[in-house]
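To start, the structure under review is shown below, and the notes come after it.
The values are calculated or read from the model by the stated rules, or taken from the named source; none is laboratory data. Please read all numbers here as calculations on a predicted model, not as lab measurements. Here Cβ is always computed from backbone atoms with ideal geometry, including for glycine, and neighbour counts include all displayed protein chains. All accessible areas refer to the heavy atoms of the entire protein, side chains included, with ligands and DNA or RNA removed. Shrake-Rupley method; radii C 1.70, N 1.55, O 1.52, S 1.80 Å.
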Amino acid sequence: MSHVFPRHTKAELPVAVGGDGCYLIDAQGKRYLDCGDAAVSCLGHSNPAVIHAVREQVQKIAFAHTGFMTSEPAEALADLLIQHAPGSLDRVYFVSGGSEATEAAIKLARQYFLEIGQPERSRVIARRQSYHGNTLGALSAGGNAWRRAQFAPMLIEMSHIAPCYEYAEKPEGESSYDYGQRVANELEVEILRLGPETVMAFMAEPVVGATLGAVPAVEGYYKRIREICDQYGVLLILDEVMCGMGRTGHLFACDHDGVAPDILCIAKGLGAGYQPIGATLCTDRIYDAIRNGSGFFQHGHTYVGHPVATAAALAVVTELTSRDLPARACDMGDKLQAKLEAAFGQHPNVGDIRGRGLFRGIELVADRDTREPFDPARGVAAKIKKAAVEAGLICYPMSGTRDGRRGDHVLLAPPFIIEEPQLDELVEKLSVAISKAI
């Protein structure tokens with residue numbers, strides 16, 4: 001009998017005992033093509049360079065508390081990230097995962113305004129159907145009704161404007177550009193409603209992952225968002241926890257949109273699953289406000305900047321950049337999109353196939369013409385997940401796509417090392433799962 005507290009107490013899970021490139025292997029020897037547990041395994045499960053880096057570092061030193069010492073891998077990783085980072089991002093605050101990264105970003109934004117003498121700024125604006133993590137601050141910023149519901153009395157009050165969700169929310173007859181400008185302008189409306197002097201930050205995912213299923217913004221949306229933030233002195237926080245680190249074809253996803261944030265959050269692909277790690281990057285302006293003010297960021301966790309975790313991530317980012325794997329993710333993503341369209345483009349229950357790079361989403365609908373989602377009682381996403389695992393495919397089906405309750409999608413995020421025959425295997429096994437579930 002297991003004493004592990006699982007995510008779902010009624011689920012009986014296989015035991016993972018091995019990893020081989022794009023595959024996970026269970027105790028019975030069954031192989032599963034890993035195409036998006038949570039968009040973590042960008043390098044697959046047996047990268048020799050990362051394994052070597054972890055072994056080498058743990059033999060040197062396992063832990064040094066950042067209240068007393070920094071470490072060589074943390075310094076080298078920060079240098080490498082800033083070398084490739086957009087805009088004037090200049091400092092890296094290491095954490096242990098995505099929720100910690102977004103939580104740190106919210107706190108950093110608040111302290112920045114305290115340091116520069118604007119204590120009245122405390123409001124955060126985010127978007128409906130966003131996901132920014134599961135700590136209480138991150139969950140407050142997230143706009144997914146299902147994840148928020150039972151914790152609602154404990155959450156901080158934050159505003160949520162419309163997402164840029166062209167497939168489901170753009171009216172017929174409106175151009176993609178005009179739609180993007182209109183929903184971006186909701187940010188200005190909300191800033192004015194709250195009072196510009198009270199708003200400290202706008203937080204958004206460049207490509208929305210778990211809650212919408214790989215939905216990128218339309219062209220021009222983020223440039224307008226950046227203009228509004230600049231106009232009203234609001235910090236732009238971009239959450240690239242899931243979509244960053246090469247997943248969408250750029251090391252940093254916001255490069256596709258031609259904008260740079262004031263604060264940027266990364267995780268998942270940063271450690272590629274070899275160690276738990278995340279990071280919050282900020283501009284020199286934000287860092288200098290604290291350095292020249294109190295000098296102390298009033299935040300922290302025991303394992304921030306962990307030497308073994310940063311050593312693993314340094315090896316991961318070195319692999320990504322030296323082998324130009326973001327470009328490979330872009331190329332293989334185009335091939336995956338073409339294969340998905342060939343297999344599902346005319347499927348009566350597939351409404352949209354979308355995404356960037358190796359970050360793709362399929363939205364399932366009851367009626368392709370009206371785009372009406374399935375009745376939530378059917379549990380389509382859960383059935384697809386079960387059928388996919390039976391077929392030997394790990395993907396990320398999710399329900400509540402439209403509003404936190406209605407709608408179903410499948411998120412696909414295979415390793416960047418995936419080969420074309422494995423893309424065919426992915427599509428074939430997913431087709432079996434969707435047919436069985438629907």
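If you take every DSSP beta bridge fully contained in the stretch 99-227, what fraction is antiparallel? Give it as a percent rounded to 5. Provide the component values of the computation, followed by the final result.
Values: 2 of 8 bridges.
Antiparallel bridges make up about 25 percent of those DSSP assigns within the stretch 99-227.
Taking the 1.4 Å solvent-accessible surface of the stretch 251-323 as the whole, the part contributed by carbon and sulfur is 47%.
Where does each of 334-340, 293-299 land if you order them by average Cβ count within 10 Å, highest first? Kindly include the intermediate steps, with their values, before the conclusion.
Details: 334-340: 17.9, 293-299: 12.9.
Highest mean packing first, the order is 334-340, 293-299.
Evaluating 6.51 cos²θ - 1.76 cosθ + 1.60 at θ = phi - 60° for every residue in the stretch 323-330, the Karplus couplings come out as 9, 6, 6, x, 5, 5, 4, 5 Hz, glycine and proline recorded as x.
Whole-Hz Karplus values for the stretch 4-18 come out as 6, 8, x, 4, 10, 6, 9, 9, 9, 9, x, 9, 6, 10, x Hz, taken residue by residue from phi with 6.51 cos²θ - 1.76 cosθ + 1.60 and θ = phi - 60°; glycine and proline positions read x.
Here the contact order of the chain, divided by its residue count and restricted to Cα pairs under 8 Å and six or more residues apart, works out to 22 percent.
Here the sum of -39500 (n - 2.57) over DSSP H runs of 4 or more residues, divided by the residues of the chain, equals -11500 deg cm²/dmol at 222 nm, to the nearest 500.
Rolling a 1.4 Å probe across all protein chains gives residue 84 an accessible area of roughly 70 Å². Sorted on the mean count of surrounding Cβ atoms within 10 Å across their residues, most packed first, peptides 360-372, 62-74 read 360-372, 62-74.
Note on the stretch 201-329: with charges restricted to the Cβ of Lys and Arg (+1) and Asp and Glu (-1), its dipole about the Cα centre is near 220 debye. Atom-type composition of the exposed protein surface of the stretch 160-208 places 49 percent of the accessible area on carbon and sulfur (1.4 angstrom probe). Amide H contacts for residue 90 (H built 1.01 Å from N in the peptide plane; partners 5 or more residues away or on another chain; cut-off under 5 Å): 282, 283, 284. Taking the Cα centre of the chain as origin and assigning +1 to Lys and Arg Cβ atoms and -1 to Asp and Glu Cβ atoms, the resulting dipole is close to 1080 debye. Heavy atoms of the protein chains alone define the surface here; on that basis the chain has 43 Å² accessible area per residue at 1.4 Å probe size. Residues whose amide H lies under 5 Å from that of residue 351, counting only those 5 or more places away or on a different chain, are 363, 364, 365; hydrogens are built 1.01 Å from N in the peptide plane.
Residue by residue, the stretch 193-208 carries 3J(HN,Hα) couplings of 5, 6, x, x, 6, 9, 8, 9, 7, 10, 10, 7, 8, x, 10, 6 Hz when phi is fed to the Karplus relation 6.51 cos²θ - 1.76 cosθ + 1.60 (θ = phi - 60°); x denotes Gly or Pro.
Considering the convex hull of the alpha carbon atoms of the chain, report its projected area averaged over all viewing directions, in nm², one decimal.
Numbers: hull surface 84.7 nm².
For the chain, averaging the hull's shadow over all directions gives 21.2 nm².
Label sites at residue 69 and residue 12, each approximated as a point 7 angstrom past Cα along Cα to Cβ, lie 4.9 nm apart.
Taking all protein chains as shown and a probe of 1.4 angstrom, residue 399 keeps an accessible surface of around 70 Å².
Taking the charge dipole of the chain about its Cα centre, with +1 at Lys and Arg Cβ atoms and -1 at Asp and Glu Cβ atoms, the residue from 154, 409, 393 reaching farthest to the positive side is 154.
Rounded to the nearest 20, the size of the Cβ-charge dipole of the stretch 288-438 about its Cα centre is 420 debye, with Lys and Arg at +1 and Asp and Glu at -1.
For residue 37, the solvent-accessible surface computed with a 1.4 Å probe is close to 60 Å², ligands and nucleic acids excluded. For residue 160, the amide hydrogen comes within under 5 Å of the amide hydrogens of 126, counting only partners 5 or more places away or on other chains and with H modelled in the peptide plane. Between 94, 139, 51, the Cα set farthest toward the positive side of the dipole of the stretch 1-143 (charges on each charged residue's Cβ, about the Cα centre) is that of 139.
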